[in-house]
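**Student:** Got a structure here, written out as C-alpha cells. Questions coming.
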Amino acid sequence: MTMVAEQPDIDPHTNHHGDGAADEPSIRPRTRRREDSAADEALSVDTVVSEERGRWAVDIVVVFADGIVRKRVDTHPTKSRAELSARMIKLAAERDIRGPLKG
C-alpha cells in the first residue's frame with residue numbers, strides 16, 4: 001500500500017493533447033514513486049506543527065523501510081487550526097496504514 005495515491009493535477013494553462021484545443025485542461029500525475037525505492041508500504045506516520053513567518057505549518061512525516069519522507073501539507077493562521085488539521089491528517093494516514101477495520 002502506498003501512502004500517496006496518484007491523482008490527476010489539472011493545469012488549465014497547458015494542453016498536451018496535441019489537438020490544439022487551448023481550453024481543454026491537461027492531466028499530469030501529481031506524485032510518482034521513486035524508481036530506486038524498495039518500500040511498498042509505509043511503516044508509520046506522524047504530523048508536525050511548527051511556526052514559520054507568523055503562520056503555523058503542518059508537515060507530514062512518513063517512515064518507509066528505506067527512508068523517511070517529510071512533506072509540507074499546508075499553513076494556517078492559528079496554532080489551534082494547524083493542530084486540528086494535523087490530527088485529522090494523521091488519523092486518515094494511520095487508517096490507510098492499518099487498512100480496513102475487520103468486524
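The values are calculated or read from the model by the stated rules, or taken from the named source; none is laboratory data. Here the structure is a predicted model, which is why all the values come from computation and not from measurement. Because the Cβ atoms are built from the backbone with ideal geometry, glycine has one as well, and the counts that use them run over all protein chains shown. For accessibility, only protein heavy atoms count, side chains too; no ligands or nucleic acids. Shrake-Rupley method; radii C 1.70, N 1.55, O 1.52, S 1.80 Å.
**Student:** Out of curiosity, is VAL69 modelled with pLDDT under 95 and touching a helix residue (DSSP H, G or I) at 6+ places or on another chain (Cβ under 9 Å)?
**Tutor:** no
**Student:** Also, I was wondering about something else. Can you confirm whether the stretch 84-101 contains a residue that is assigned to a strand (DSSP E or B) and either out of contact with any helix residue (DSSP H, G or I) (no Cβ under 9 Å at 6 or more places or on another chain) or at pLDDT 90 or above (or both)?
**Tutor:** The answer is no; no qualifying residue exists.
**Student:** Is at least one residue of the stretch 23-46 open to solvent by less than 50 Å² (accessible area, probe 1.4 Å), at pLDDT 95 or above and within 18 Å of the chain's Cα centre (by Cα)?
**Tutor:** Within the stretch 23-46, none of the residues are open to solvent by less than 50 Å² (accessible area, probe 1.4 Å), at pLDDT 95 or above and within 18 Å of the chain's Cα centre (by Cα).
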